[in-house]
Structure formats: C-alpha cells, structure tokens
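Below is one structure; the comments refer to it alone.
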C-alpha cells in the first residue's frame, strides 16, 4: 500500500469516529425522551407538581427499615406529628443538610414528633448506611430510623428531589414542606414550627 493510500485511509478514521459518536448521542437523547414519557404516563413523575404543599393530605405508607423489617408510618388523631427527612446518599445538598438535621435530632421533642428518614428503595443499602453514619444520624439523641420506600410512595409524596423535609400532622395533613438545603431563614422557620 502506498503512502498516499495510507494517509487517505487515516483521514477517514476521525470522520467515521465523529459520525459514530454523533449517532450514539442521538440514540441516547431519543431514549431519554422515551423514558421520561414512560415515567410520566406511569404517574411516577409529575413535573407540574414539584412537591407537597401545606394543606394537602397524605395517606400512611409502609417501607422497609435498614434491617429489612417492615416499617409503617401512620397518621392517627391525638398522636405525634411526623417529620419526614427525604434524602439520597449521592446528593451533595443532603450532605450539606446533614449537620442541620443532626442538630435538630438532638433537640426535637420525641413526645410530640416522630422523625423518619426516607430513601428510595433503589438506593444502595450500604451507601445509605455509610451516608447516615458519616453524618451522625445514628449517634443523635433520637436515632434516625431510615425507611426505604417504592416508586408509588415517592410519587404520592411528590419526593422527586432531595433533600425534602415534610412536617405532617396527626390527620395526614401537610403543615410544612421545606424543599432543598435550609438557609438561615428556613432553619428559623423550622425551629418555630417544631416548638
């Protein structure tokens, strides 16, 4: 093979690679749109309803604790209010929120509030344990029980982003929904709500 033929063959290689990568990207984009459409039609993601609003009512839910035992969160008149902390071990904002939640777990009145950590059941159990341990959730005055729940519960509670903190009364009515990492004003608002 002559040098001229070799140089022409080599010049086509980058072009072929670029075309192949472009085709792969197009296929991935198409798949992404198809998956979003499937999830929306299944009721798992409702982009128009980002999170629960105060006044909305929720129903009890069940999940599995980190030891694989069933865990039930119920709303019964004249019992404690539920404070739900939704997080993901891979979320950097959850890690930033950790010291604030840990401080709250050391101060909250357990006779008035039941605090439960919530994760999706697709999360890796060992990563959840490591995350919670690193943030000190198992060493607080009130040890945080962590419950993994399925897609249906995540959808009903509109838990699509992390971190989310929900305060729910004993009738299942949402009193407060704090979405995202708390800033100073949110921290003050939460402290007032938990007095």
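The values are calculated or read from the model by the stated rules, or taken from the named source; none is laboratory data. Every value quoted in this text rests on a predicted model; they were computed, and no experiment measured them. Here the Cβ positions follow ideal geometry from the backbone for every residue, glycine too, while neighbour counts run over all protein chains shown.
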Original post:
Given the structure, is residue 159 more than 15 Å from residue 103 (Cβ to Cβ) and either surrounded by 14 or more Cβ atoms within 10 Å (Cβ to Cβ) or modelled with pLDDT under 95 (or both)?
Top reply: yes
With criteria (1) without any contact (Cβ under 8 Å) to a residue 60 or more places away in the chain; (2) buried (at least 17 other Cβ atoms within 10 Å of the Cβ), residue 165 comes up short on (1)
Quick check on residue 147: is it modelled with pLDDT of 95 or more, touching a strand residue (DSSP E or B) at 6+ places or on another chain (Cβ under 9 Å), in the same structural domain as residue 182 (by TED's automatic domain parsing) and within 16 Å of residue 174 (Cβ to Cβ)? no
Based on what the data block shows, is residue 117 touching a residue at least 60 places away in the same chain (Cβ under 8 Å), assigned to a strand (DSSP E or B) and buried (at least 16 other Cβ atoms within 10 Å of the Cβ)?
no
Among (1) surrounded by 15 or more Cβ atoms within 10 Å (Cβ to Cβ); (2) free of Cβ contacts under 8 Å to residues at least 60 places away in the same chain, residue 94 falls short only on (2)
Of the residues in the stretch 37-59 that are at pLDDT 90 or above and surrounded by fewer than 13 Cβ atoms within 10 Å (Cβ to Cβ), the one that is farthest from the chain's Cα centre (by Cα) is 55
Considering the stretch 103-113, residues that are within 18 Å of residue 163 (Cβ to Cβ) and touching a strand residue (DSSP E or B) at 6+ places or on another chain (Cβ under 9 Å), and then whichever is surrounded by the fewest Cβ atoms within 10 Å (Cβ to Cβ), we arrive at 113
Residue 80: passes all of (1) crowded, with 17+ Cβ neighbours inside 10 Å; (2) touching a strand residue (DSSP E or B) at 6+ places or on another chain (Cβ under 6 Å) but (1)
Scanning the stretch 63-77 for residues that are in contact with a strand residue (DSSP E or B) (Cβ under 9 Å, 6 or more places away or on another chain) and in contact (Cβ under 8 Å) with a residue 40 or more places away in the chain gives 63, 64, 65, 66, 71, 73, 75
Given the conditions (1) over 13 Å from the mean Cα position of the chain (by Cα); (2) buried (at least 18 other Cβ atoms within 10 Å of the Cβ); (3) modelled with pLDDT of 95 or more, every one holds for residue 65 apart from (2)
